[in-house]
Amino acid sequence: MSELIPIPLPLQLTRAFLEYEREGKIFDLPKAKFYCGVAGVDTSVTFHGQCAANPVGPAAGPHDQLVQNIVLSWLAGSRIIELKTVQIMDELKIPRPCIDATNVGYNVEWSQELKLEQSLREYVAAMMFIEILKASCLLGDEFTGPFTDTIYDMSVGYSLEGIRSPRVRHWIESMKDARAIIDELRATLTGPWARYRDLAFPTRVSDTITLSTFHGCPAHEIEGIVTFLLTEMDVHVCVKLNPTLLGFEQVRYLLHDVLGYGDIQVAADAFEHDLQFSDALTMLPRLAGVARSRGKRLAVKFSNTLVVKNHRRMFSDEVMYMSGPPLHVVTLNLVKKFREHMGGAFPISFSAGLDQHNVCNAVAMNFVPVTTCTDLLRPGGYARLPKYLENLGARMRELGAPRIHDFVVRYAGQGEAAINSVVAALAQRFPEAASAVNEIVTSRLKTWLATQGAALNEACAGIQREFTPARIPQLPHSLADALQDELAGLEGALVEAAGVLNTPVIVDRTTADPRYRWEKNKAAPRKIGSKLWLYDCISCDKCVPVCPNDANFVYQNEAAEIAYSNYELLPTGEARPIAGGVFKVARAHQLANYADACNDCGNCDVFCPEDGGPQIEKPRFFCSAESYEKYAGRNGFFLEFGVAGATIHGTIAGKSYKLTCGPDQANARFDNGSAEIQVRTTDHAVVTWSLKPGVAAPHTVDMLPYFQLKFLMDAVSNPGRAHYANVAALTGEQLAQEGAVQG
Ligand code: SF4
Ligand code: SF4
């Protein structure tokens, strides 16, 4: 078990730019999987009054904690990034493994695993990375302008006391005004990165917060936190609500009777302790009033995960948190119930079992943002995201919807009903102008609806122009002005009405859809019965993209089969060859793990066809001698680069070794803890040797660890591939020579 150690921004940049130049990838995401937009439609949305190029992004969780998470999410198309939840208790010991995405999706992980200060640096550094990427033009011209509009949404938890604490307050203030951290990070931009030091990085990284509360958090506590955030922290707020609001009986009925997840046991007491639906209905309008009085926006998020009893063997806790396909149905039914009471009064952010197949449904219910997590843990990882947006774009084109607003109204056959309801509300509000409203607004909007490709915003602007005293002389000026104001919100009102009307249609259809049932989701990833070890496996590479942190990586070497001798170091000074063995590595394509980016979540183990877990059995590399010494355990390696050559420290089966190769590679110095031997690398013969104090000759040296270390050192330090284990050796000169840093 190791802890997450953030990687400095210049090293992240060096790795990414070199990797892109050499292999056409960034953090192992191939450029063919970068999201480059969808032709012919505009997917932009507003969230809390700010513009994002599309509504899709990662939910606060394993995909937005570290720089590489956030950059990968962004490259794959995310434009509203809900950063992993931070909280005052930042020294949590989270049980490992903590993610079980075998089929349904369960976890026992919750907030950030870094210290508050580290999280702040990671989030700001990720924003700076993306700004540098844009400025560099590395990815081409399309990665500029409105296509890159991104919202970083803070997520904080979990109690009023914690959120009001000086450290969390300071954290929020630092995200709202990140000048100090940006300046600190600017100073680290040296060598080839110095050219970006003076880039105009946005200093207001975020002024929106999605609030996460504990399961069982009482209503008055939630109200207190939201009020505090809206008033004292001066941020827009989205309150994340729990699926327990739907009620025990209804959740149990959906999970068991409708969807067939008979083994999932919902915890009845969780429903009693969580916020009650009736309390939410009275609390939210009160909070909306507070938000309005402060010029802030309030939204709700559906939903948190569902607490269930732990009926599987992966975790040790008594309860776990369910996500994935069944949560999708439960949460949509909760949204339906909520909207039956609240209509479209609250903007809704959505997260629950989102994937490429249901993203259109979610967008059509006027949810912003629509965020995903469990799906990105499955094979392909972040590369699954572009398909969400491609499917959305394709459906928009099919419907003749140039923008998201057009799409919401046209999607579920509720356009006419939405027009009628908006016009009826307008006519009721302006009875003196009812006939003109009925006639002009209805006919213009229905003409728009009948005309594929026509833009709703233009139709609404045209309607607004109609209601001027010049066009309708019988309208008194004061009434015309009031109508003008109201009509300025016509497009929004229509979209809101359509989103609400679409909800029961889509929810009922989804609830009846067999793809969410247990029968369709019970398959577990295939295991082939073989056991992983340090080298060789079936090289399927599944473990690379399923890791949210890009901690697993491929390295390449020539396959090896070397018959070797061991050595007996004699009192005479001779090194006598004795029977040895065969060092054999069958494949050139090998896998390793960068332990400082691995939190032992267990996800790669679930999807690896072999047994043992890549994060446990494959060579685990550390970024520093300190973390290597602390966490190597039975399997760990650390590469050090210096003018005198490279050194690899290695612990294999719990025993530590060290191998140093000079720049000419002719000789290597191998230290097995008892002896240090000088080896001629051409034939691996011992040239000289010495014993450590307290060790007496004769002493036998097992040469297998020497070959294991040599193989890893040669392959992993090879600059032909850029990854975290060798990035410290990839110099700025290499970048400059390869022309990777421009702009
Ligand atoms: S390497 Fe595996 S266990 Fe480690 S963080 Fe990645 S997915 Fe989780
Ligand atoms: S470690 Fe497992 S998942 Fe990774 S490449 Fe090997 S067999 Fe595939």
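Accessible area of the range 552-737 with a 1.4 Å probe: how many percent of it is carbon plus sulfur?
Answer for the range 552-737: carbon and sulfur cover 50 percent of the accessible area.
Could you work out the mean projected area of the convex hull around the alpha carbons of the chain, in square nanometres to one decimal?
The number I arrive at for the chain is 35.0 nm².
Computed from the mean reciprocal separation of all distinct C-alpha pairs, what Kirkwood hydrodynamic radius does the range 1-160 have, in Å?
With all distinct Cα pairs of the range 1-160 included, I get 16.8 Å.
So what's the Cα pair-distance distribution over the range 415-511, bin width 5 Å, in %?
Using 5 Å bins, I get a P(r) of 2, 13, 24, 24, 16, 10, 5, 3, 1, 1, 0 for the range 415-511.
Can you send over the solvent-accessible area of Glu173, 1.4 Å probe, protein chains only, in Å² to the nearest 10?
For Glu173, solvent-accessible area is about 80 Å².
Treating the Cα atoms of the range 205-308 as identical point scatterers in vacuum, please give the log10 of the normalised Debye intensity I(q)/I(0) at q = 0.21 Å⁻¹, two decimals.
Debye curve over Cα of the range 205-308, log10 I(q)/I(0) at q = 0.21 Å⁻¹: -1.02.
Arranged from highest to lowest average of other beta-carbon atoms within 10 Å per residue, in what order do the peptides 655-663, 21-29, 524-532 appear?
With the highest mean Cβ count within 10 Å placed first, the list reads 21-29, 655-663, 524-532.
Per residue, what accessible area does the range 1-138 have, given a 1.4 Å probe and all protein chains present, in Å²?
Here the residues of the range 1-138 average 26 Å² of exposed surface.
Could you rank the peptides 197-204, 303-310 by their average count of other C-beta atoms within 10 Å per residue, with the highest value first?
Sorting 197-204, 303-310 by mean packing, highest first, produces 303-310, 197-204.
For the range 480-605, state the semi-axes of the equivalent ellipsoid (square roots of 5 times the eigenvalues of the alpha-carbon gyration tensor), sorted largest first and rounded to whole angstrom.
64, 22, 11
Do any chymotrypsin sites (Phe, Trp or Tyr not before Pro) in the range 520-592 lie in a DSSP loop with no more than 16 other beta carbon atoms within 10 Å, and if so, which?
For chymotrypsin sites (Phe, Trp or Tyr not before Pro) across the range 520-592 that sit outside H, G, I, E and B with at most 16 neighbouring Cβ atoms in 10 Å, the list reads Trp533.
Along the positive direction of the dipole of the range 548-655 (beta-carbon charges: Lys, Arg +1; Asp, Glu -1; about the Cα centre), which of Gln615, Ala632, Asn549 reaches farthest?
Projecting each Cα onto the dipole axis, the largest value belongs to Ala632.
For the range 294-394, which GluC sites (Glu not before Pro) are both in a DSSP coil and crowded by at most 12 other Cβ atoms within 10 Å?
Glu318
What order, most packed first, do the peptides 246-255, 481-490 have when packing is the mean number of other Cβ atoms within 10 Å of each residue?
Descending packing order for the listed peptides: 246-255, 481-490.
Go from 0 up to the bin containing the longest alpha carbon distance in the range 47-399, width 10 Å each, and give me the % of pairs per bin.
Calculated over all Cα pairs of the range 47-399, the distribution is 5, 25, 35, 25, 8, 1, 0 percent.
Can you compute the charge dipole magnitude of the chain about its Cα centre, using +1 on each Lys and Arg Cβ and -1 on each Asp and Glu Cβ, nothing else charged? Give it in debye, rounded to the nearest 20.
680
What is the log10 of I(q)/I(0) for the range 552-737, computed with the Debye formula using one identical point scatterer on each Cα and no solvent, at q = 0.16 Å⁻¹?
Each listed q maps to, in turn, -1.05.
Of all accessible surface on the range 47-399 at a 1.4 Å probe, what whole percent is carbon and sulfur?
Solvent-exposed carbon and sulfur of the range 47-399 make up 49 percent of the total.
Separation of the range 400-478 and the range 522-577 by C-alpha centroid, Å?
When both Cα centres are located, 67 Å separates them.
Could you work out how far the C-alpha centroid of the range 34-60 sits from that of the range 111-149, in angstrom?
16
Which value, in debye to the nearest 20, gives the size of the charge dipole of the range 47-399 about its Cα centre, when Lys and Arg are +1 and Asp and Glu are -1 at the Cβ?
In total the dipole reaches around 520 debye.
Expressed in nm², what is the orientationally averaged projection area of the convex hull enclosing the Cα positions of the range 264-329?
Spelled out: convex hull of the Cα atoms, projected over all directions, averaged, 6.1 nm².
Using the alpha-carbon centroid of each, what span in Å lies between the range 298-376 and the range 188-206?
37
The values are calculated or read from the model by the stated rules, or taken from the named source; none is laboratory data. Remember, it's a predicted structure, so these values are computed and weren't measured experimentally. No Cβ is skipped: glycine too gets one built from the backbone with ideal geometry, and neighbour counts run over all protein chains shown. Side chains are part of the model used for accessible areas, which takes the heavy atoms of the whole protein and leaves out ligands, DNA and RNA. Shrake-Rupley method; radii C 1.70, N 1.55, O 1.52, S 1.80 Å.
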